[in-house]
Amino acid sequence: MSKSEPRIGVYVCHCGLNIGAVVDVAAVAQYAQTLPGVVVSRESTYTCSDNGQRSIQEDIENHNLSRVVVASCSPRMHGDTFMKTCETAGLNPYLFEMVNIREQCSWVHTDKEQATEKAKDLVRMAVAKVRLLEPLEKQKSAVNKAALVIGGGVAGIFSALYLANAGIKTYVVEKKPSIGGHMAQLDKTFPTLDCSLCILSPRMADIGKHENIELITYADIENISGYAGNFQVTVKSNPRYVIKENCRLCGVCAEKCPISLPDEFNMGLKKRKAVYIPFPQAVPNYYLIDAGHCLHITKGGCMLCQKNCPNDAIDFEETEAVRELNVGAIIVATGFELYDATQKKEYGYGRYPNVITNMDFERWVSADGPTHGKVVRPSDGAPPQRIGFIQCVGSRDEKEGAVYCSRICCMATVKQATMLREKYPSAEIYVYYTDMRTPGKGFEEFYQRGREHGIVFIRGKPGEIEEDDNHNLLIVSEDTDSGLILRNTLDLVVLACGLRPPEALEELAQKLHLSRSPDGFIMEAHPKLRPAETSISGVFLTGCVQFPKDIPDTVAQSGGAAAMAAALLTKDEIELEPVRAAVDEELCIGCGLCEENCDYGAIEVKKTEEGMKAQVIEVACQGCGVCAASCPQKAVTVRHFTDGQLLAQVTAALEPEVIV
Amino acid sequence: MYEPKIIGFLCNWCSYAAADLAGTSRIQYPSNMRAIRVMCSSRVDPEHVLRAFVNGADGVLIAGCHPGDCHYISGNYKTERKYVLLREMLEQFGIDPRRLRLEWCSSAEGGKFAQVVTEMTEELKTLGPIELGAGD
């Protein structure tokens, strides 16, 4: 505790009208002036502005302030800003306390009198705490200059290339046997109709051969520990049972393999063997054996692939490999899952052969697809003449658990309808939509071109699809613009399925301690200002793992995430939060409760000359305070959140006249 | 009218952020709670809660991350263990255990946070002011 009486400056912010319209800021500032130790109390319109900050700095100098309290927005918003303000003026930044009278007062209360009383109480609590604060020094920790990118779709590919091109050693871990993600499955991209793989596969190849990139595919993240600048990541790679150097891609193994399975890359519309390559442009570009279905691995025998391989590339002895990666930053780029259309029973996907999804369509229309790019009715192979698209399948649908708009489906449908129009100039094409959303460069123009080319847009979401004996599809819908009931018999219906967070995201989010939004996607550190950062320092995010977005937005965000990661990784050392546990060895009786409760192994009871005593391992301590709360002797405390400081807040909240 | 006084210990990562989100979403709730930010709900010592009641709090809220989502691996589980014992202790002291609440609010649950404070305020109004030593 500081020996002399502290000299406190209090700054109460109007935040324009955000606070000032509800809280009587002048009254709060006047009240603060009466609190013990307060030598300056001011109101300001925008405390975070240059002027506002300068006024604090001048007061620190002119009034020799030893403590600063700012009552404005959340410390999560501007805590760092004002800590820097103090630091620049020569005041230790940990002698600062922030009072949240915006998010937790003026924005949630309408009664001006009550809000003002609450603001006064909160300021008094902060003054009580700030009196007891002690200066803290930040420790430095060396930065491990490597990065990890989790996910090898377009988001992960571009993040990794940006980092690697900046000279940063980058690991890319991908769950599937090849990188490429969903973008590799698309035939064309909107609104330019660029060939998707033509623009992606050169970048995939770059990942495979970049000197700064180490690609680990067919692998899972087992465990993650550590902190910004110093993460330890355990990665488990599944065996492929094929030796990369020996595989010449001749395909004899797959020819001989007796097991035929649905080809995931082609949405099950084609078959693959148990030994296979996911798609021709796959990176890494060599075969693998699907252990779950290989006859030899599941039942023994067979080995036709091994017997026939001309290059001895098959190795059934391969086992899973576990590796430890040490990295300073992590970019999460695990993408999305397509909504499971079988859930929407009224549209008959999975029961009616001529109802397909938007991703099925991409494979039908692709040169590598089941019909080499010819879109046909799956039931009879006939070219469709009357085609319908249904929008918002699994999006904007509370019943299906997604209130949000998936953002890409409107344009994907316009693209697919445009491609159909090229292939079938006389076909009738109908799009059943809720609202057409075209907020992107060239999107509205693309949509209008579709309309000019005779694609019919009907406002109204069909309730259900019925099927006749010839697998024709009957749709009855209301055109909500005209109020007419429309009956349409169609050859083919494409469901524009929305985007969902991947099922495995929950587990990864828990391993990384990341928060998720109610929609299940990962929450960014700030929705406007920190869209590529998470609440965990050193962990960044990009692409659809944050929220559905298209390819240009994903690539842009990947650049942002990579820049943020690079800013961290190009430092030699970073400052660690000094909010850590400390032990008073005189009080410690060596009972070990603190050690038992610590999840980080950051406090240990050791033999000393004075007997068994707890000792804090500073770099491992994360500052949660569980040790302090469990110590029966009050021997352990957490700096900046000491018992004395917390109890001063409690007392000040309840007994206005008592400030210790 | 009687307005209960509530002390709220909010963990920095989830529930404090939830309270912020309630603000940015302009979700209104009663102004009875005074928040104290802690890094983790596990920092809350039973003594902090008892001292709040002794000093005249009508209710104490401890809010943390959902089970499994703790920023500090398993701090919230330890909070829960202490909470269960603390409620029993309150009962022995003659304090209605409903005056102490433990709630999980993720940083995305601004609505839930506002609802928790609203419900708690309403319940404390029916319980009336705390009277220590009077068999509250």
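Filtering A:Cys588, A:Cys594 for residues that are assigned to a loop (DSSP other than H, G, I, E, B), at pLDDT 95 or above, crowded, with 19+ Cβ neighbours inside 10 Å and not assigned by TED's automatic domain parsing to the domain that holds A:Phe190 leaves a single hit, A:Cys588.
Of all residue pairs spaced 6 or more apart or on separate chains, those with beta-carbon atoms under 7 Å, a first member in the range A:239-259 that is part of a loop (DSSP other than H, G, I, E, B) and a second member that is β-branched (Val, Ile, Thr) and surrounded by fewer than 20 Cβ atoms within 10 Å (Cβ to Cβ) are A:Pro239/A:Thr319.
Is one or more of the residues making up the range A:72-90 closer than 22 Å to A:Glu524 by Cβ and buried (at least 24 other Cβ atoms within 10 Å of the Cβ)? For the range A:72-90, residues closer than 22 Å to A:Glu524 by Cβ and buried (at least 24 other Cβ atoms within 10 Å of the Cβ): present.
Considering each of A:Gly181, A:Gly153 in turn, give the residue that is on the phi > 0 side of the Ramachandran plot, in contact (Cβ under 8 Å) with a residue 60 or more places away in the chain and surrounded by 20 or more Cβ atoms within 10 Å (Cβ to Cβ). Step through it out loud before you land on a result.
On the way: A:Gly153 fails: on the phi > 0 side of the Ramachandran plot.
Exactly one of A:Gly181, A:Gly153 is on the phi > 0 side of the Ramachandran plot, in contact (Cβ under 8 Å) with a residue 60 or more places away in the chain and surrounded by 20 or more Cβ atoms within 10 Å (Cβ to Cβ), namely A:Gly181.
All told, B:Tyr2 meets the bar of being in contact (Cβ under 8 Å) with a residue 12 or more places away in the chain, surrounded by fewer than 24 Cβ atoms within 10 Å (Cβ to Cβ) and either under 27 Å from B:Glu88 (Cβ atoms) or more than 15 Å from the chain's Cα centre (by Cα) (or both).
When residues in the range A:321-340 are screened for being assigned to a loop (DSSP other than H, G, I, E, B) and touching a helix residue (DSSP H, G or I) at 6+ places or on another chain (Cβ under 7 Å), 5 of them pass.
Please pick out the residue among B:Ala18, B:Ala108, B:Ala57, B:Ala35 that is farther than 28 Å from A:Ser537 by Cβ and either surrounded by 23 or more Cβ atoms within 10 Å (Cβ to Cβ) or within 13 Å of chain A (Cβ to nearest Cβ) (or both).
Numbers: B:Ala18 fails: farther than 28 Å from A:Ser537 by Cβ; B:Ala108 fails: farther than 28 Å from A:Ser537 by Cβ; B:Ala35 fails: farther than 28 Å from A:Ser537 by Cβ.
Exactly one of B:Ala18, B:Ala108, B:Ala57, B:Ala35 is farther than 28 Å from A:Ser537 by Cβ and either surrounded by 23 or more Cβ atoms within 10 Å (Cβ to Cβ) or within 13 Å of chain A (Cβ to nearest Cβ) (or both), namely B:Ala57.
The conditions of being touching a Leu at 6+ places or on another chain (Cβ under 9 Å), within 17 Å of A:Ala29 (Cα to Cα) and within 14 Å of another protein chain (Cβ to nearest Cβ) are not met by A:Ile56.
If only residues of the range A:191-220 that are farther than 26 Å from A:Ile289 by Cα and of a type in the set (D, E, K, R) are counted, the one that is modelled with the lowest pLDDT is A:Asp194.
With respect to A:Met564, determine if the residue is in contact with an Asp or Glu (Cβ under 7 Å, 6 or more places away or on another chain), farther than 29 Å from A:Val123 by Cβ and outside any loop (DSSP other than H, G, I, E, B). So A:Met564 fits the description; yes. Among the numbered conditions (1) without any contact (Cβ under 8 Å) to a residue 12 or more places away in the chain; (2) within 14 Å of chain B (Cβ to nearest Cβ), the only one that A:Ala567 does not meet is (2). Inspect all residues belonging to the range A:221-229 and state whether any of them is of a type in the set (Asp, Glu) and either modelled with pLDDT under 95 or more than 16 Å from A:Asn326 (Cα to Cα) (or both). Within the range A:221-229 (the criterion being of a type in the set (Asp, Glu) and either modelled with pLDDT under 95 or more than 16 Å from A:Asn326 (Cα to Cα) (or both)), the answer is no, since none of the residues qualifies. Once the range A:326-357 is narrowed to residues that are touching a strand residue (DSSP E or B) at 6+ places or on another chain (Cβ under 9 Å) and basic (Lys, Arg), the residue that is nearest to A:Lys461 (Cα to Cα) is A:Lys344.
Being part of a strand (DSSP E or B) and buried (at least 18 other Cβ atoms within 10 Å of the Cβ) is the filter here; which residues of the range A:260-287 pass it? A:Arg272, A:Lys273, A:Val275, A:Tyr276, listed by residue number. Give the residue that is nearest to the other protein chains (Cβ to nearest Cβ), with candidates limited to residues of the range B:111-136 that are under 30 Å from A:Pro518 (Cα atoms) and surrounded by fewer than 19 Cβ atoms within 10 Å (Cβ to Cβ). My answer is B:Gly111. Residues that are within 38 Å of the chain's Cα centre (by Cα), more than 9 Å from every other protein chain (Cβ to nearest Cβ), more than 15 Å from A:Val130 (Cβ to Cβ) and in a loop (DSSP other than H, G, I, E, B) within the range A:619-659 comprise A:Val619, A:Ala620, A:Cys621, listed in sequence order. Exactly one residue out of A:Lys613, A:Lys606 is surrounded by fewer than 20 Cβ atoms within 10 Å (Cβ to Cβ), more than 11 Å from every other protein chain (Cβ to nearest Cβ), at negative phi and not in a loop (DSSP other than H, G, I, E, B): that is A:Lys606. Within the range A:65-77, if we keep just the residues that are within 28 Å of the chain's Cα centre (by Cα) and modelled with pLDDT of 95 or more, the residue that is nearest to the other protein chains (Cβ to nearest Cβ) turns out to be A:Ser74. Summed over the range A:498-531, residues that are in a loop (DSSP other than H, G, I, E, B), away from chain B (no Cβ under 13 Å) and under 24 Å from A:Ala219 (Cα atoms) total 3.
Residues in the range B:44-61 that are touching a Ser or Thr at 6+ places or on another chain (Cβ under 9 Å) and under 19 Å from A:Cys631 (Cα atoms): B:Val44, B:Asp45, B:Arg51. Taking every residue in the range A:46-61 that is in contact (Cβ under 8 Å) with a residue 12 or more places away in the chain and pairing it with any residue that is surrounded by 13 or more Cβ atoms within 10 Å (Cβ to Cβ) and assigned to a loop (DSSP other than H, G, I, E, B), at least 6 positions away or on another chain, the pairs with Cβ-Cβ distances below 6 Å are A:Gly52/A:Tyr46; A:Gln57/A:Ala89; A:Asp59/A:Leu65; A:Ile60/A:Ala89; A:Ile60/A:Leu91. For the range A:132-157, a tally of residues being more than 30 Å from A:Ala620 (Cβ to Cβ) and in contact with a Lys or Arg (Cβ under 7 Å, 6 or more places away or on another chain) returns 1. So, in the range A:96-136, of the ones that are of a type outside the set (Val, Ile, Thr) and assigned to a strand (DSSP E or B), which residue ends up nearest to the other protein chains (Cβ to nearest Cβ)? It comes out as A:Asn100.
In the set (1) more than 14 Å from chain B (Cβ to nearest Cβ); (2) farther than 23 Å from A:Ala525 by Cβ; (3) touching a Ser or Thr at 6+ places or on another chain (Cβ under 8 Å); (4) surrounded by fewer than 24 Cβ atoms within 10 Å (Cβ to Cβ), A:Cys48 fails one condition alone, (2).
Here the range B:39-54 is the region considered, the condition is being surrounded by 24 or more Cβ atoms within 10 Å (Cβ to Cβ) and at the interface with chain A (Cβ under 7 Å from one of its Cβ atoms), and the residue that is nearest to A:Ser535 (Cα to Cα) is B:Cys40. State which residue is nearest to A:Ile408 (Cα to Cα) when the search covers only the range A:435-453 and only residues that are surrounded by 13 or more Cβ atoms within 10 Å (Cβ to Cβ) and without any contact (Cβ under 8 Å) to a residue 12 or more places away in the chain. By that ranking, first place goes to A:Glu444.
Looking across the range B:44-83, just one residue is on the phi > 0 side of the Ramachandran plot and touching a residue at least 60 places away in the same chain (Cβ under 8 Å), and that is B:Gly56.
The values are calculated or read from the model by the stated rules, or taken from the named source; none is laboratory data. Remember, it's a predicted structure, so these values are computed and weren't measured experimentally. Note that we place each Cβ from the backbone using ideal geometry, even for glycine, and neighbour counts take in every protein chain shown.
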